[in-house]
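See structure below.
The values are calculated or read from the model by the stated rules, or taken from the named source; none is laboratory data. Please read these numbers as outputs of a predicted model, since none were measured by experiment. Cβ sites come from the backbone with ideal geometry, for glycine too, and all protein chains shown count toward neighbours. SASA here: full protein model, heavy atoms, side chains in, ligands and nucleic acids out. Shrake-Rupley method; radii C 1.70, N 1.55, O 1.52, S 1.80 Å.
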Amino acid sequence: MTHTLMAPAQWQQVDLLSDLHLGPDTPGTLARLEAHLARTTADAVLLLGDIFEVWVGDDARHEPFEAGAVAMLRKASQRLDLFFMAGNRDFLVGHELLADAGMTALPDPTVLDAFGQRWLLAHGDAQCLADTGYQAWRATSRSTAWQAGFLAKPLAERQAFGRQAREQSRASQTAQLMATDLDADACRALLREAGATTLIHGHTHRPAEHDLGDGLRRVVLSDWDFETTPPRGDAIRLSAAGLQRLPL
């Protein structure tokens, strides 16, 4: 059964963000997130994966960049509710990071029951079924045995692995993103199982809205890049008025 997050009665607005890919080389994007969390009128912000470009274990949270990002999230969590769903880049975020940052974990997928509707939230990578190579890697890397072995390695070794994986990913990212998308049948099945009509996800870096037929749809969040010109990024706001895309 799909996990359900019941919105408290006092929530009036919820913001959804994904794919910020934060790292030491994205100070503009980090600053934009800090500004949004400080100014948003939303009662809760749900981060739907790939918030960090790479996460190699919670012991990395004491490194200079990571410590600054955690402090910023912790400050934001004092004025609004923060939730975190793992993506394909930051699936090793654990309880220590979540506790330090004041965030609550969300399983992938999760139904948000809010404002009289059921919204199905996911990162999106698990539904990219045509990317069989990635799906094989995902199954391996999400296993308890693989994660235990990886996290047992020295931090420096894990950081080197993360840098190498990041460079390989950047080299092939454009081709991968254009060659794969979420499987429509898988999305429809998820929605029906969850009793929802709208799937909201990130991962593909292609903000859009897709009609899945039979009154079903999927809405795609933008990735964020405030290091480039023009800058790129958005959020989706849910409220009693429905769904609104917010340019940032």
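Miscellaneous remarks
- The test for being aromatic (Phe, Trp, Tyr), under 29 Å from ARG188 (Cβ atoms) and open to solvent by 10 Å² or more (accessible area, probe 1.4 Å) does not hold for PHE65.
- On inspection, ALA60 does not qualify as open to solvent by 20 Å² or more (accessible area, probe 1.4 Å) and touching a residue at least 24 places away in the same chain (Cβ under 8 Å).
- Some residue of segment 76-85 being in a strand (DSSP E or B) and more than 15 Å from the chain's Cα centre (by Cα): yes
- For segment 192-209, the criterion of being part of a strand (DSSP E or B) and open to solvent by 10 Å² or more (accessible area, probe 1.4 Å) is met by at least one residue.
- Contacts under 6 angstrom Cβ, first residue in segment 9-36 being touching a residue at least 60 places away in the same chain (Cβ under 8 Å) and of a type in the set (S, T, N, Q), partner assigned to a strand (DSSP E or B) and open to solvent by less than 50 Å² (accessible area, probe 1.4 Å), 6 or more apart: GLN13/ARG237; GLN13/SER239
- Pick from segment 210-240, criterion touching a residue at least 60 places away in the same chain (Cβ under 8 Å) and within 16 Å of ALA42 (Cβ to Cβ), ranking: most open to solvent (accessible area, probe 1.4 Å): ALA240
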